[in-house]
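J.: Quick one: the structure is below, questions incoming.
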Amino acid sequence: MVDSLLSMDIYESFNLYSHPEKFYLEPTDLGGGAASKHYLEIDRHTNVMRIIDSRKQRVPIADTDIKFIYGILGTIKLVSGHALIVITKASFIGQVNNHNIWNIVDTEVIPYKKTTLHLTERQIRYNRLFSDMLTNFLAAGGFYYSHTLDISRTFQWLQENAVPLFKTRSMMDRASERFVWNGYLMSQIRQVPGAERYTLPVIHGFIGQNRVNVNGKEIKLTIISRRSIHRAGVRFYKRGVDAEGHAANFVETEQIVELDGPDKSLTSFVQIRGSIPLLWAQRPNLRWQPMPTMKPTDDQLAAFIKSFSWHKQHYGGKHIIVNLVNQKGREKKVGGELERIARQANLEFVRYHQFDFHKECHAMQWHKIDLLREQLSQEISHFGYFYLSPNGADSNRFQRGFFRTNCMDCLDRTNVVQSMLARESLTEQLRMLGVLYPEQKVQDIPLLENLFKHLWADNGDECSRQYAGTGALKADFTRLGKRTYLGAMNDGVNAVSRYVRNNFGDGYRQDAIDLFLGNFQVDSSDLPSSLETSILSTDQNGLALIAALFAMSMTILCLLVADNATATIFWMIIFFVCMMFIFLNGEEFVNVPKLKLD
């Protein structure tokens, strides 16, 4: 089996001693029950960290508050000084290949300075704002870790690359930089000699797991979705690729099957999603669906080639682009350009496949998704999956190709198609493992099919919440296998919620992500003045909003109290004129990021 254990144990929990002068982090468990011989000391004034031998100097307990914590996310600089971010509550997800997986439930941002008396009023406001950003972002959830398994990498990668020298490195050093979300927060602790056991890599995305008995055999089905830190952000503020070829909303999803019993086996199937790999934007402007834009001067061919060269480097094998965008209307501009560039690039390891999802499945004809399954069936079988054989490395199998699925958001349509591809692969894996009979499919076993659907629907909802702010649309098809009118109504509610969040809250969410990842770093001597601006800071915008609200109030008042049609019509006209001004200048009224702009 893949040996992901470190030569040194990672500390699983700590007692955090908060002294007026220092923090002390004393490990309470090495994972095997042994007591620690060392602890981490953090000076709250100088920010100096060092490892102390507890046999020579015990943890001072006088004048200290003691808190049990599950781990350290890292440290970050705020206006008042540095702050320690700790995991105060975690829930057990389950085991993957005999390694425990945990979900972060609650965290705490603890400032080094116990007071803000040394700050000005302006600095206090900024300090509170940055602290709230971190707290709110972490409270949204979706963070996972393991002390012994590198969940930032696929099982196939670990099998191919985990050489003995690799296994001697700390968990943080061997983790995939692109999927570790606390890499920046851990940067100071990683420089402390001997502190490797305190560094815990955390991924952002989704991990779900279920067990089921099929034909008398017990299997465990796990989904791990890893969200990339590159071009990370929210729906309308992160689209396309950056100069390095990194795509927005890039998520690597690994479906893992474990067969219990004397011949314990493991298989996995990896697929990826990411924003259309071109240089394009789609800024919110109060319209229901903003028009995508591309600059004529941008080198789209170079961006496309760089993005797939990166794919080739990290995944190898062949890649199928499954493009689900509409071939008419607003989406055609970007979708059509992707097709043109893909054909122009003519990369030997990339094949472009178009499937107009809305055209094929309109009027709730969702059974037509089978057309796409049939079109890709040969490649699903040819690409295969990773198989970790109990008989040794010579019997292993490797996945030879990867599906990269996209729609405009890489959420709703993408979720449906990825679950379809995963189901087809799961059928082949379970037949190979002898769990399914040769003529059986996943959908022929009701309990297995139900478990599969709900697991993938949960994955889709979480990926959607992290990027768009709500659960996924079309989730009833993923969860139930059919489109329902209740599901369509729920889609309407989510769509309206997305509109509100994307226009009036996503700038703040983008700022929080940039702060957490270190894309923006706080400088107390140079605080961004943009944070002090508000929607009312521009005279014409403020007047338009006030006038619209006043006109709406007067219209309602005239309807309810005054029997005066002329006055009602007058105020209604004023209201519509104000609203027209607001929508014509929509980009001035939406909530935009203020810390770091593309």
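The values are calculated or read from the model by the stated rules, or taken from the named source; none is laboratory data. Treat the numbers as computed from the prediction; the structure is a model and nothing was measured. Heads up, the Cβs are rebuilt from the backbone with ideal geometry, glycines too, and the neighbour counts pull from every protein chain shown. With ligands, DNA and RNA removed, areas are computed over all heavy atoms of the protein, side chains included. Shrake-Rupley method; radii C 1.70, N 1.55, O 1.52, S 1.80 Å.
J.: What are the pairs, 6+ residues apart or on separate chains, where a residue within the range 578-598 that is under 17 Å from residue 288 (Cβ atoms) has its Cβ under 6 Å from a residue that is open to solvent by 70 Å² or more (accessible area, probe 1.4 Å)?
T.: Qualifying pairs under 6 Å: 591/504.
J.: Just to verify a result, which residue in the range 138-154, among those that are under 20 Å from residue 106 (Cβ atoms) and open to solvent by 30 Å² or more (accessible area, probe 1.4 Å), is farthest from the chain's Cα centre (by Cα)?
T.: Among them, the one singled out is 139.
J.: Does residue 176 satisfy being in the same structural domain as residue 468 (by the TED database) and of a type in the set (Gly, Ala, Ser)?
T.: The answer is no for residue 176.
J.: Could you please find all residues in the range 81-117 being out of contact with any strand residue (DSSP E or B) (no Cβ under 9 Å at 6 or more places or on another chain) and either assigned to a strand (DSSP E or B) or surrounded by 15 or more Cβ atoms within 10 Å (Cβ to Cβ) (or both)?
T.: If the condition is that a residue be out of contact with any strand residue (DSSP E or B) (no Cβ under 9 Å at 6 or more places or on another chain) and either assigned to a strand (DSSP E or B) or surrounded by 15 or more Cβ atoms within 10 Å (Cβ to Cβ) (or both), then 99, 116 are the ones that fit.
J.: While we're here: Does the range 389-446 hold any residues that are farther than 21 Å from residue 311 by Cβ and polar (S, T, N, Q), and which are they?
T.: Scanning the range 389-446 gives 389, 391, 395, 396, 419, 427, 429, 440, 443.
J.: Give the residue that is nearest to residue 229 (Cα to Cα), with candidates limited to residues of the range 121-151 that are among the aromatic types (Phe, Trp, Tyr) and in contact with a Leu (Cβ under 9 Å, 6 or more places away or on another chain).
T.: 143
J.: Name every residue in the range 177-207 that is open to solvent by 10 Å² or more (accessible area, probe 1.4 Å) and small (Gly, Ala, Ser), in order of residue number.
T.: Passing the criteria: 183, 187, 194.
J.: Considering only residues that are open to solvent by 20 Å² or more (accessible area, probe 1.4 Å) and of a type in the set (S, T, N, Q), which ones fall in the range 345-390?
T.: Matches in the range 345-390: 346, 354, 365, 375, 377, 378, 381.
J.: So if I check each of 122, 174, 169, which one is at pLDDT below 95 and more than 28 Å from residue 312 (Cα to Cα)? Quick ask: steps written out before the conclusion?
T.: Details: 174 fails: more than 28 Å from residue 312 (Cα to Cα); 169 fails: more than 28 Å from residue 312 (Cα to Cα).
122 is the lone residue from the list that is at pLDDT below 95 and more than 28 Å from residue 312 (Cα to Cα).
J.: Looking only at the range 548-570, count every residue that is open to solvent by less than 60 Å² (accessible area, probe 1.4 Å) and either in the same structural domain as residue 288 (by the TED database) or more than 46 Å from the chain's Cα centre (by Cα) (or both) and tell me the total.
T.: 4
The rows are residues; the columns are (1) surrounded by fewer than 21 Cβ atoms within 10 Å (Cβ to Cβ); (2) basic (Lys, Arg); (3) farther than 25 Å from residue 524 by Cβ; (4) not assigned by the TED database to the domain that holds residue 101.
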| position | (1), (2), (3), (4) |
| --- | --- |
| 128 | yes, yes, no, no |
| 135 | yes, no, no, no |
| 156 | no, no, yes, no |
| 170 | yes, no, yes, no |
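J.: Quick check: anything in the range 316-326 part of a helix (DSSP H, G or I) and at pLDDT below 95?
T.: No, because not a single residue in the range 316-326 is part of a helix (DSSP H, G or I) and at pLDDT below 95.
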